[in-house]
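Here the structure comes first, spelled out in structure tokens, and everything after it is commentary.
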Amino acid sequence: MTDRATTFASVEALIEPFNAKGVELGESTTFAGDLEWDSLTVMDFVASIEDEFDIVITMNQQAEIETVGQLVDAVEESKA
Amino acid sequence: MNVTTEQAIVPETEEPQAADLFDKFAPLIQERDNLLATGVRDPFAIVMDEVKSPTEAVIDGKDTILLGTYNYMGMTFDPDVIAAGKEALEKFGAGTTGSRVLNGTYQGHKACEEALKDFYGMDHAMVFSTGYQANLGIVSTLAGKGDYVILDADSHASIYDGCFLGNADIVRFRHNNAENLEKRLAKLPPGAGKLVVLEGVYSMLGDIAPLDVMVPIAKKYGAMILVDEAHSMGFFGEHGRGVAEAQGVLDQVDFIIGTFSKSVGTVGGFCVSNHPKTDFLRLVCRPYTFTASLPPSVVATATTSIRKLMHAGNKRAHLWENSKRLHQGLRDLGFTLATDEPESAILAVLLPDQEKAVRMWQALLELGLYVNMARPPATPAGVYLLRCSLCAEHSAEQVEQILGMFEAAGKATGSIPQ
Ligand SMILES: Cc1ncc(COP(=O)(O)O)c(C=O)c1O
């Protein structure tokens with residue numbers, strides 16, 4: 001697996017506990033629309049991403065992230 | 001067909017179809033309608049018809065014990081406080097009709113700032129029109145573009161809104177988790193300006209922050225530290241200065257934010273600091289500058305109350321007794337509380353969902369007890385609670401009465417076993 005694919009898989013695994021509806025995950029799955037997460041769920045989830053990858057995702061960055069693919073890109077960028 | 005013709009054939013009477021601005025609230029409106037359709041009272045629409053004392057009011061014609069105010073030290077009806085307010089009202093009028101930096105600073109505002117400096121033993125004090133505005137102003141003004149605000153995930157709305165008003169990068173750490181705070185700080189550019197924002201008491205669960213651990217961590221990374229002591233002023237520490245005083249780290253805190261709407265018993269907000277440039281903030285802090293100052297009667301009541309709170313050791317001791325007794329009593333009845341020990345004057349009774357919480361809340365109200373119902377997003381995700389906040393003026397008998405009402409309401413609604 002490429003680095004990005006590995007990151008994608010880890011992100012997928014971290015989404016699962018919050019994926020109450022069992023939505024199929026892809027690059028373009030949206031957090032607010034498809035997963036129907038409210039702001040508090042997003043907040044908890046982002047904290048688990050930050051802890052897992054040992055990175056910081058500012059609220060300013062978070063505001064720009066709408067899809068799983070964009071999140072994976074942001075994680076890749078922060079790890080670099 | 002050119003554009004002009006197409007526009008021309010649209011009948012003039014047809015209204016343009018813009019999106020309904022209320023559409024975004026549709027799910028919340030639905031949820032609320034569903035809840036009220038079950039026949040419960042609206043927990044966010046209570047009216048106090050009469051207020052008899054810091055601990056008693058009349059709601060819907062019924063005498064009710066208040067266990068959901070922020071009136072921790074019971075100063076709202078203090079005779080000296082009321083006399084000071086009346087005198088200022090008559091001497092200086094009903095309002096200032098002006099900003100603090102123009103015509104809205106009277107000697108009373110200065111006297112109030114002097115009282116705050118004496119209370120905290122600090123060099124500078126700025127009085128705002130509310131605590132909300134104090135956070136909004138100080139957080140947004142201190143941290144600018146390229147700086148970082150590092151805040152607890154469970155921070156009060158006014159702190160979050162201060163972040164949104166400013167241009168800094170916002171970083172959150174897990175609630176009350178010192179290790180997580182350090183982890184985040186370690187990832188930030190060492191040279192960037194940093195403001196770490198903490199609260200003494202978190203108002204939803206009534207838990208206190210480990211400031212004695214967190215403040216030194218923030219200092220290690222060169223951050224400035226702001227502590228919001230809204231729910232701890234008057235009650236914590238030898239002089240009532242708050243949790244930072246009680247835990248021995250007040251001298252390392254750069255800015256204390258507080259409010260007059262809780263222990264002080266009126267309305268208003270403030271920032272105190274030893275930083276030599278604090279007063280300059282008056283000129284650049286928009287929520288300080290672009291709003292009217294507090295009325296003379298309000299600052300006079302605040303001044304008197306603050307000065308009395310300096311010597312309120314007995315009241316503090318009684319408030320602790322109340323908090324301990326109620327915590328133990330509720331646990332003995334079988335309720336689940338947010339904290340294992342009573343950490344502050346706020347005790348949060350956890351309930352499994354919104355409907356159970358509202359039913360219990362209503363049953364208590366019908367028995368003559370008012371508590372706050374709280375739900376997300378004010379509380380963390382999935383947490384529904386009844387927030388009980390004690391007052392130094394609750395008598396020991398009232399606390400027993402309160403426990404009796406909890407027992408009856410809990411059994412009637414099935415929140416505790418029969
Ligand atoms: C932690 C905290 N900070 C600030 C405020 C705002 O205080 P005020 O009522 O003076 O606007 C509150 C009150 O709700 C609070 O709980």
Peptide A:50-62: average number of partner chain Cβ atoms within 10 Å per residue? 5
Environment charge at B:N135 (Cβ cut-off 11 Å; Lys +1, Arg +1, Asp -1, Glu -1): -3
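When the Cα atoms of region B:22-105 are enclosed in a convex hull and the volume is divided per residue, what value in Å³ results?
201 Å³
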Per the Debye formula with a single identical scatterer at each Cα and no solvent contribution, what log10 I(q)/I(0) holds for region B:282-342 at q = 0.13, 0.20, 0.21, 0.24 Å⁻¹? -0.68, -0.81, -0.84, -0.96
Helix-only [θ]222 nm of chain B, DSSP H runs n ≥ 4, -39500 (n - 2.57) each, per residue, nearest 500: -12000 deg cm²/dmol
In units of 2.2 N^0.38 Å, the Cα radius of gyration of region B:316-417 is 1.00
Flagged links, alpha-carbon separation over 21 Å, of B:K187/B:K220; B:K86/B:K110; B:K52/B:K86; B:K145/B:K194; A:K79/B:K219: A:K79/B:K219
Need one value for A:36-48: mean number of C-beta atoms belonging to other chains within 10 Å of its residues' C-beta atoms. 3
Rounded to the nearest 500, what is chain A's calculated 222 nm mean residue ellipticity when only DSSP H runs of at least 4 contribute -39500 (n - 2.57) each, over all residues? -17500 deg cm²/dmol
What is region B:258-315 by shape, rounded, prolate or oblate, if you read a ≥ b ≥ c off the alpha carbon gyration tensor as root eigenvalues and call it rounded for a/c under 1.5, prolate for a/b larger than b/c, and oblate otherwise? oblate
Rounded to the nearest 5, what is the percent of antiparallel bridges among the DSSP beta bridges in the protein assembly as shown? 60 percent
Lys and Arg at +1, Asp and Glu at -1: add these up for the other residues within a Cβ distance under 9 Å of B:L188 and post the number. +2
Please report Rg over Rh for region B:81-175, where both radii come from the alpha carbon positions and Rh follows the Kirkwood definition. 1.08
Using only the Cα atoms of region A:1-71, what are the Rg and Dmax in Å? 11.4, 32
44 Å tail of the calculated P(r), the protein assembly as shown, as % of Cα pairs: 21 percent
Give the cross-link partners of B:K117 among the lysines, using a straight C-alpha distance below 23 Å as the criterion and excluding same-chain residues fewer than 8 apart. B:K262, B:K277, B:K308, B:K315
What does the charge count near B:L28 come to, summing +1 for each Lys or Arg and -1 for each Asp or Glu among other residues with Cβ under 15 Å from its Cβ? -4
Per principal axis, descending, Cα span of chain B in whole Å: 81, 56, 54
For region A:3-79, what relative contact order do you get, as a whole percent, if you take Cα pairs closer than 8 Å and at least 6 residues apart? 42 percent
Most packed first (mean Cβ within 10 Å per residue), the peptides B:254-265, B:32-43, B:331-342 order as B:254-265, B:331-342, B:32-43
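In chain B, what % of DSSP beta bridges are antiparallel (nearest 5)?
60 percent
Between B:L35 and B:R286, what is the FRET efficiency for a Förster distance of 35 Å, r being their Cβ-Cβ separation, to the nearest 0.05?
On the way: r = 38 Å, r/R0 = 1.08.
For R0 = 35 Å, the calculated efficiency reads 0.40.
Using only atoms on other chains, find how many Cβ atoms lie within 10 Å of each Cβ of peptide B:156-168 and report the average.
1
When only C-alpha pairs under 8 Å and at least 6 residues apart count, what is the relative contact order of chain B, in percent?
21 percent
Please quote Rg/Rh for region B:78-309 to two decimal places, taking the Kirkwood radius as Rh and restricting both calculations to Cα atoms.
Rounded to two decimals, Rg/Rh equals 0.97.
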Can you give the relative contact order of region B:78-309 as a percent, counting alpha carbon pairs under 8 Å and 6+ residues apart? 32 percent
Could you rank the peptides A:6-18, B:309-321, B:283-295 by their average count of other C-beta atoms within 10 Å per residue, with the highest value first? B:283-295, B:309-321, A:6-18
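Bear in mind these aren't lab numbers, they're just calculated from the coordinates by the rules spelled out. Note that the structure is a prediction, hence the values are computed from the model and not measured. Glycine gets a Cβ as well: all are built from the backbone with ideal geometry, and neighbour counts include every protein chain shown.
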